[in-house]
1. Just give me the residues in the stretch 26-50 being modelled with pLDDT of 85 or more, part of a helix (DSSP H, G or I) and in contact with a helix residue (DSSP H, G or I) (Cβ under 8 Å, 6 or more places away or on another chain), in sequence order.
2. Which of the residues that make up the stretch 6-25 are among the polar types (S, T, N, Q) and in a helix (DSSP H, G or I)?
3. So in the stretch 1-25, with the set limited to residues that are aliphatic (A, V, I, L, M) and at pLDDT 90 or above, which one is surrounded by the fewest Cβ atoms within 10 Å (Cβ to Cβ)?
Amino acid sequence: MTPHQRHTGQDEEILAQRKARLEAAKAVNPMRWGKRDVRNFTPVEPMTLN
């Protein structure tokens, strides 16, 4: 994720697409994933730098 994508609000759409792609890959080959879920694609809250 780039800062520009976060600033313009594109991050949520990109994360949703990544999650859908990984879930589709897991459905095709569940043995590769084992019992674990796909990673957490919840957008992070705004951050500040020191």
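1. Passing the criteria: Lys26, Arg32.
2. Hit for the stretch 6-25 is Gln17, nothing else.
3. Here the answer is Ala24.
Every residue, every condition in (1) without any contact (Cβ under 8 Å) to a residue 12 or more places away in the chain; (2) of a type in the set (A, V, I, L, M, F, W, C); (3) in contact with a Ser or Thr (Cβ under 6 Å, 6 or more places away or on another chain), yes or no:
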{"position": "Glu12", "(1), (2), (3)": "no, no, no"}
{"position": "Leu15", "(1), (2), (3)": "no, yes, no"}
{"position": "Ala20", "(1), (2), (3)": "yes, yes, no"}
{"position": "Glu23", "(1), (2), (3)": "no, no, no"}
{"position": "Trp33", "(1), (2), (3)": "yes, yes, no"}
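The values are calculated or read from the model by the stated rules, or taken from the named source; none is laboratory data. This one's a predicted model, so the numbers in the text were calculated from it and none came from an experiment. Cβ coordinates were reconstructed from backbone atoms using ideal geometry, including for glycine residues, and neighbour counts include every protein chain displayed.
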